[in-house]
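One structure is given here, and the rest of the page talks about it.
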Amino acid sequence: MEQRAEEITEETPVEFSTVSTLLSPLGYGLLSFWMLIVTLLSVLCNTLVIAVMLRNHQLFFPTNVLILGLSVSDLLMTICGSSVSTVTNYFGQLFMGRKLCVFQGFTVNYFGLISLCTLTLMAYERYHIICKPMGAFKITLRRNAKGLLLVWIYCLFWATAPLLGWGSYGPEGVQTSCSLAWEERTWISYSFLIPYWFFCFFLPTWQIIYCYYHILISIKRLNQSVENQGGRSRQKEDRHAMCMVAAMIGSFFFCWLPYAIVSMLVILVPDISISPLLASMPAHLAKTSPAYNPIIFFLAKKKFRDMALEIISCGCYRPTLQISSSSTEADIVETGSKHLSPSSIQPEPAMTN
């Protein structure tokens with residue numbers, strides 16, 4: 001740990017190429033191969049999402065704008081973070097020095113925060129659509145664009161603070177990637193890391209859990225009310241939309257929760273001893289998170305998947321457009337174009353096209 005402290009201080013600069021390797025060449029090679037697969041998959045899938053969105057303006061629903069913003073942040077995190085880890089693991093060290101270390105730490109921190117806060121914004125939006133259908137809160141394209149702008153500014157504050165001296169970035173794990181210097185034992189570091197963990201992980205996580213807990217309860221009550229009025233329950237369509245977003249959020253926490261737990265343990269238990277290899281696994285797992293969201297989105301939405309296949313095949317694949325009542329209902333839940341309430345759902349005969 002003393003060696004790491006010397007490496008990240010400017011008073012005693014140390015060439016990163018002189019740091020002894022902590023893994024065998026095979027170990028670094030496996031990490032490099034893993035990050036290469038993640039990088040290629042994430043770049044391909046997130047680029048497809050962005051291309052489909054920009055090519056088909058009819059998809060610019062309020063919620064889809066948030067998904068577009070999520071794809072942009074995931075793509076940038078992959079280019080600036082995962083791709084750098086691929087190269088550094090191949091060489092077995094941070095061969096490009098401190099500047100690359102700080103750059104990678106900043107970009108992974110910044111774009112990872114944006115992804116979490118965007119998912120939080122999506123949860124908050126759906127909470128108002130489903131739980132408060134008669135409220136004054138109206139989901140619009142302009143409102144969601146402003147929300148994304150605020151998210152990027154909010155995350156920029158927390159990612160830039162270590163560059164200005166409140167906290168710092170430094171090597172982690174097996175010394176081939178960088179992040180916040182969680183192991184730094186100074187009051188300035190503690191004064192940043194504890195509020196950071198609360199406002200940038202615990203608070204968004206609590207908001208997501210709160211919103212989706214009440215959403216599930218509201219959907220259950222809504223379907224029961226519709227069935228009592230003689231209408232057709234939309235439980236299948238609602239479950240489809242909820243499963244897509246729940247899978248996106250679940251995959252994000254699967255990737256970032258181990259990293260958050262290890263980081264908090266380092267803060268709360270200063271004497272804890274974690275091997276470099278064990279400490280690096282949550283960090284590398286977190287860098288795989290950008291690859292999962294577009295895959296889940298493609299699997300959940302056939303219309304979006306067909307548009308992506310049309311782009312990949314250069315127009316050779318022509319999807320057949322079929323509009324059914326079930327797909328319409330699912331789109332209503334996902335886009336927020338219609339408030340959900342018992343009075344908004346008609347009995348079964350009225351739902352035929």
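The values are calculated or read from the model by the stated rules, or taken from the named source; none is laboratory data. These numbers were taken from a predicted model, which means no experiment stands behind them. Backbone-built Cβ (ideal geometry, glycine too); neighbour counts: all protein chains shown. Quick note on the areas: whole protein, heavy atoms, side chains included, nothing else; ligands and nucleic acids left out. Shrake-Rupley method; radii C 1.70, N 1.55, O 1.52, S 1.80 Å.
Kindly evaluate residue 134 against the criterion of being of a type outside the set (Asp, Glu), assigned to a helix (DSSP H, G or I) and modelled with pLDDT under 90. So residue 134 fails the test.
For residue 157, the stated conditions do not hold, so it cannot be described as part of a loop (DSSP other than H, G, I, E, B) and of a type in the set (Phe, Trp, Tyr).
Hey, among 44, 70, 76, 30, which residue is out of contact with any Cys (no Cβ under 8 Å at 6 or more places or on another chain), in contact (Cβ under 8 Å) with a residue 60 or more places away in the chain and over 15 Å from residue 178 (Cα atoms)?
Working: 44 fails: in contact (Cβ under 8 Å) with a residue 60 or more places away in the chain; 76 fails: in contact (Cβ under 8 Å) with a residue 60 or more places away in the chain; 30 fails: in contact (Cβ under 8 Å) with a residue 60 or more places away in the chain.
Testing whether each residue is out of contact with any Cys (no Cβ under 8 Å at 6 or more places or on another chain), in contact (Cβ under 8 Å) with a residue 60 or more places away in the chain and over 15 Å from residue 178 (Cα atoms) leaves just 70.
Look through 146, 132, 99 and report the one residue that is under 21 Å from residue 210 (Cβ atoms), among the basic types (Lys, Arg), free of Cβ contacts under 8 Å to residues at least 40 places away in the same chain and open to solvent by 40 Å² or more (accessible area, probe 1.4 Å). If you could, list the steps in order and put the result at the bottom.
Details: 146 fails: under 21 Å from residue 210 (Cβ atoms); 99 fails: under 21 Å from residue 210 (Cβ atoms).
Step by step, each of 146, 132, 99 is checked, and only 132 is under 21 Å from residue 210 (Cβ atoms), among the basic types (Lys, Arg), free of Cβ contacts under 8 Å to residues at least 40 places away in the same chain and open to solvent by 40 Å² or more (accessible area, probe 1.4 Å).
Of all the listed residues (81, 29), the sole one being among the small types (Gly, Ala, Ser) and open to solvent by 20 Å² or more (accessible area, probe 1.4 Å) is 29.
Identify the residue in segment 175-214 that is under 30 Å from residue 24 (Cα atoms) and out of contact with any helix residue (DSSP H, G or I) (no Cβ under 6 Å at 6 or more places or on another chain) and, among all such residues, is surrounded by the fewest Cβ atoms within 10 Å (Cβ to Cβ).
First, the residues of segment 175-214 that are under 30 Å from residue 24 (Cα atoms): 175-185.
Applying the additional criterion that residues be out of contact with any helix residue (DSSP H, G or I) (no Cβ under 6 Å at 6 or more places or on another chain) yields 175, 180-181, 184-185.
Details: 175: 24, 180: 25, 181: 23, 184: 20, 185: 12.
Restricting to residues being under 30 Å from residue 24 (Cα atoms) and out of contact with any helix residue (DSSP H, G or I) (no Cβ under 6 Å at 6 or more places or on another chain), the top hit is 185.
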